[in-house]
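Each remark here refers to the structure printed beneath this line.
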Amino acid sequence: MKLHHYGFATKSIEKSLREFEKLGYKAVSEQIHDPVQGVNLLFINNGSDHLIELVSPVEEESPVTKILGKNGSSLYHICYEVAHLDNAIADLKSKRFIVVLPPTPAIAFQNRNISFLYNPSTGLIELLEK
């Protein structure tokens with residue numbers, strides 16, 4: 001598994017972007033609307049080998065709304081890129097991870113499949129199929 005990005009929950013992508021710009025980050029994508037997850041997304045980078053994905057809910061039912069209610073703006077997931085999504089899911093399930101979102105095409109990644117898994121000791125992770 002290779003680190004791809006960190007997911008950052010925010011009520012306002014624009015406000016968070018302004019603050020991250022003070023730390024040397026710049027937008028490296030257009031803002032993307034993901035109707036499946038009910039969120040808007042923007043990828044930012046500061047020249048490092050990973051991205052930060054700013055994630056803002058557009059629907060009250062979005063899981064990100066709950067995260068913001070509990071923690072406010074915060075890092076909430078780590079995304080790893082994997083060669084074989086089904087194999088990676090099976091491996092993590094054998095290590096006591098729970099599938100939160102089964103393989104689903106993601107508009108932000110040209111419809112490559114993603115999956116979210118959770119473990120109470122490591123939190124939420126996203127897998128992105130190469």
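Laboratory data are not the source of any read-out in this text; all were calculated from the coordinates shown. It should be emphasised that the depicted structure is a prediction, and the values quoted were computed from it without experimental measurement. FYI the Cβ positions are ideal-geometry reconstructions off the backbone, even for glycines, and counts take in every protein chain you see.
Quick one: dipole size for region 2-129, taken about the Cα centre, charges +1 on Lys/Arg Cβ and -1 on Asp/Glu Cβ, in debye to the nearest 20.
Values: 12 positive and 15 negative charges, 82 e Å.
Rounded to the nearest 20 debye, it is 400 debye.
When the helix-only estimate is applied to the chain (DSSP H runs of n ≥ 4, each -39,500 (n - 2.57), divided by the residue count), what is the mean residue ellipticity at 222 nm, nearest 500 deg cm²/dmol? Spell out each step's value before the answer.
Values: 3 runs with 28 residues, N = 130.
Calculated mean residue ellipticity at 222 nm is -6000 deg cm²/dmol.
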Close Lys-Lys pairs in region 2-129, where close means Cα under 25 Å and separation is 8 or more or interchain: 11
Chain lengthening between Asp34 and Glu60 when straightened (0.36 nm per residue, less Cα-Cα): 8.0 nm
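Classify region 10-100 from the C-alpha gyration tensor, please: rounded if a/c falls under 1.5, else prolate or oblate depending on whether a/b exceeds b/c. It would help to have the intermediate numbers written out before the result.
On the way: a/c = 2.02, a/b = 1.38, b/c = 1.46.
Taking the square roots of the gyration eigenvalues as a ≥ b ≥ c, region 10-100 is oblate.
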